[in-house]
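Just below is one structure, and these are the notes that go with it.
Every read-out reported here was derived from the displayed coordinates using simple, explicitly stated rules and does not represent laboratory data. Being a predicted model, the structure only gives us computed values, none of them experimental. Positions of Cβ are backbone-derived with ideal geometry, glycine not excepted, and every protein chain shown enters the neighbour counts.
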Amino acid sequence: MEKVDRKAAIGVFDSGYGGLSILREIRRVLPQYDYVFVGDNARAPYGTRSFQLVYEFTLEAVKYLFEQGCQLVILACNTASAKALRTIQQRDLPVLAPSRRVLGVIRPTVEAVGEISHSGHVGVFGTPGTIASQSYNIEIAKLHPDFAVSGHACPMWVPLVENCESDGDGADYFVKKDIDALVSMDGEIDTVILGCTHYPLLLKKIKQFMPQGIKVVAQGDIVAHSLADYLRRHPEIEEKCSTGGTCQYLTTDDAEKFGTMASIFVNETVTAQKIKL
C-alpha cells in the first residue's frame, strides 16, 4: 500500500454529513488542492458506537483513501478523532504507510481555545461518544493544564440538522435546554467548543440562546488554517498533494440522498458516488 509516486487528492473522512462543514472551510482556505470526501452514511451515526467499532470503521475508511493514493487524510469527525485517531497514528500507520499522515479535528481546536478563553473555563458540546471519551478534557489538560473543562452531550442536535429542522421551533427547545445545562455546570465558562461538525448548522440558534459574553467556537475555520500551517511546515507531504482544485464526493449510502443533504452543508450542488468500504 505504501508505494505511491504520483500526486493525489487530500482525503477527508466523516461518519456522515457533518464533516462537510469542515471540508467547506478547508476548500475556502486552500482551494488549489484536490479533495476526496468519504461519508460512511450507511453506518452513521458513530456518536453512540463503541470505541472498537468506531476504530474499525475509521480504519477501513483510511485504508480506502490510501488505496485511492491519498498521502494525507483528515478525520473531519470528532467521534472518529476521539475514538480512533491515536490508535491509527501510533499502531497502524507505522505498519500500513509510514510516510502518510492522518490528522484529526480535536487538537487544532484545543490549540486555538488557549488564545480565545480568558477565564480558563471552557465548555464542550458533543455527541455522547465524544463527551464520554473525555478527549477534549485530555487534550486541553495537556496544552492548558490550568483550564477547567465541562462537557455536555447533545444527542438531539445531529437529528435536528439531518432532518432539516435547524431553523425550526423544535430546535429552539433542545438548543436552549442543552445550553442551560452546560452553563449551569460552571458559571465561569467564557468559551464553548462545538465539538461536532454538524453543530455549525445550528450556530444561529446557539448564538440566540447563549448567554452574552460567551464565545462560540466552530471548528471549520480553525481546522482549515491549521491544515494550511501543517502543509507549510511539512513540504514533504504538501508536494504529494495534487493541485487541480477538484472535489469528489463518495458515500456508503444512497448517492442521490447524499447529494441532496451534502448540498445543505457545502452550499453548492453535489453529485456523489456510492462506494463500499
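For the stretch 19-29, what does the Karplus curve 6.51 cos²θ - 1.76 cosθ + 1.60, with θ = phi - 60°, yield as ³J(HN,Hα) per residue in whole Hz, taken in order and with x for Gly and Pro?
For the stretch 19-29, the Karplus-derived couplings read x, 5, 5, 6, 4, 4, 6, 4, 5, 5, 7 Hz, x marking Gly and Pro.
Give, rounded to the nearest 20 debye, the magnitude of the charge dipole that the stretch 77-117 has about its Cα centre when Lys and Arg contribute +1 at Cβ and Asp and Glu contribute -1 at Cβ.
Working: 6 positive and 3 negative charges, 45 e Å.
Magnitude of the dipole: close to 220 debye.
Using only alpha carbon pairs under 8 Å that are at least six residues apart, calculate the relative contact order of the chain and give it in whole percent. Before the final figure, lay out the partial values.
Numbers: 520 pairs, mean separation 77.6, N = 277.
Worked out over the chain, it gives 28 percent.
Using modelled amide H (1.01 Å from N, peptide plane; none on Pro or chain starts), what sits under 5 Å from the amide H of Val124, excluding residues fewer than 5 places away?
So Val124 has HN proximity to Ser150, Gly151, His152, Ile193.
Based on the Cβ-Cβ distance of Lys274 and Gln68, what FRET efficiency does E = 1/(1 + (r/R0)^6) give at R0 = 22 Å, to the nearest 0.05?
Details: r = 15 Å, r/R0 = 0.68.
It comes to 0.90.
Give me a comma-separated list of calculated 3J(HN,Hα) values for the stretch 93-107, in order, Karplus coefficients 6.51, -1.76, 1.60 applied at θ = phi - 60°, integers in Hz, x for any Gly or Pro.
Each residue of the stretch 93-107 in turn: 4, x, 8, 6, 7, x, 8, 9, 9, 10, 10, x, 10, 6, 4 Hz.
Compute, for the chain, the length of the dipole vector about the Cα centre, with Cβ point charges of +1 (Lys, Arg) and -1 (Asp, Glu) only. Units Debye, rounded to 20.
560 debye
Taking only Cα atoms and a 10 Å spring cutoff, compute GNM fluctuations for the chain and point out the largest among Glu188, Glu115, Glu139.
The residue that fluctuates most here is Glu115.
Roughly how big is the stretch 183-251's charge dipole about its Cα centre, with Cβ charges of +1 (Lys, Arg) and -1 (Asp, Glu), in debye to the nearest 20? Walk me through the numbers on the way to the answer.
Numbers: 7 positive and 8 negative charges, 64 e Å.
Approximately 300 debye in magnitude.
If you take Cα Rg over 2.2 N^0.38 Å from the coordinates, which of [x] 1.09; [y] 1.01; [z] 0.96 do you get?
Read-out from the structure maps to [z].
Tell me, what is the percent relative contact order of the stretch 115-267, built from C-alpha pairs under 8 Å that lie six or more residues apart? Could you put the intermediate results ahead of the total?
Numbers: 159 pairs, mean separation 36.8, N = 153.
The normalised contact order for the stretch 115-267 reaches 24 percent.
Based on the Kirkwood radius over alpha-carbon pairs, what value in µm²/s does the Stokes-Einstein equation return for the translational diffusion coefficient of the stretch 66-189 at 37 °C and 0.692 mPa s?
Details: Rh = 16.3 Å.
Calculated translational D: 201 µm²/s.
For Cα pairs less than 8 Å apart in space and 6+ apart in sequence, what is the mean separation divided by the residue count of the stretch 1-154, i.e. the relative contact order in percent?
Working: 232 pairs, mean separation 36.9, N = 154.
The normalised contact order for the stretch 1-154 reaches 24 percent.
Mind checking the angle between helix 169-185 and the chain's longest principal axis? C-alpha axes, 0 to 90 degrees, to the nearest 10.
On a 0 to 90 degree scale, this one is about 80.
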